[in-house]
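Notes for the one structure printed next.
Each reported figure results from applying straightforward, stated rules to the coordinates on display, with no laboratory input. Please read all numbers here as calculations on a predicted model, not as lab measurements.
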Amino acid sequence: MKKINVFSACLIAVFAMFAILSCAADAVRENVYNKKTAAYKAATAKVNAAADAAALNEINVQLESELAAINTECEAEYEKIFEEKMTNADAYRADEDSLKAAQTEYDDLYIEKFIEFKNL
C-alpha cells in the first residue's frame, strides 16, 4: 500500500478548505439575493396594493429603509463568514509549514536509521 505524503495530504486539505470557502461565499451571496428578491417582491406587492400617492410615498420610504437594513445585515453576515474562513486558511497555511518541517525531520531520521541499519 502506498504511503501518502504528509505534505500532499496537507496541500489537499488546503485546497479543500478553499473549495469550502468558495461554496460558503456562493451560499451567502445566494441568501443575500433571495432576501433582496423577497423584499423587492414584498415592496412591489405593497406598492401595487396602495391607492393613495401619500401612502405610496410612505411605503416606499419604509421599504427602502427595510431593504437597507437587510442589505447591511447580509453584508455583515457575509463578511463574518469570509473572515472566519480566511482565518481558517491562515491556520491551514501555518499547519502546512509545520507539517513540512515535521516531514523533513521524519525523512532525515528515516535516512539516519536506514544508514545505521545498513552499517550493522
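Could you give the length gained on full extension between Glu116 and Ile59, defined as 0.36 nm per residue of separation minus the Cα-Cα distance, in nm?
Numbers: separation 57, 0.36 × 57 = 20.52 nm, distance 8.42 nm.
In short, 12.1 nm is gained.
Please give the length that would be gained between Thr37 and Ala24 if that part of the chain were fully extended, namely 0.36 nm times their separation in residues minus their C-alpha to C-alpha distance (nm, one decimal). Don't jump to the answer; show the numbers that get you there.
Working: separation 13, 0.36 × 13 = 4.68 nm, distance 1.97 nm.
Separation in residues times 0.36 nm, less the Cα-Cα distance, equals 2.7 nm.
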Rule-of-thumb Rg ratio for the chain [Cα; 2.2 N^0.38 Å; N residues]
2.02
So which aspartates and glutamates pass the test for Lys36, namely a Cα distance under 19 Å, with those fewer than 8 places away in the same chain ruled out?
Asp26, Glu64, Glu66, Glu73, Glu75, Glu77, Glu79
Anchor Lys118: aspartates and glutamates whose Cα lies under 15 Å away (excluding residues fewer than 8 positions away in-chain):
none
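What is the extension gain from Val47 to Ala69, computed as 0.36 nm multiplied by their sequence separation minus the C-alpha to C-alpha distance, in nm to one decimal?
Values: separation 22, 0.36 × 22 = 7.92 nm, distance 1.91 nm.
Value of the extension gain: 6.0 nm.
Do the sum for the chain: with -39,500 (n - 2.57) for every DSSP H run of n ≥ 4, divided by all residues, what is the mean residue ellipticity at 222 nm, to the nearest 500 deg cm²/dmol? Mind dumping the intermediate values first?
Working: 2 runs with 111 residues, N = 120.
That comes out to -35000 deg cm²/dmol.
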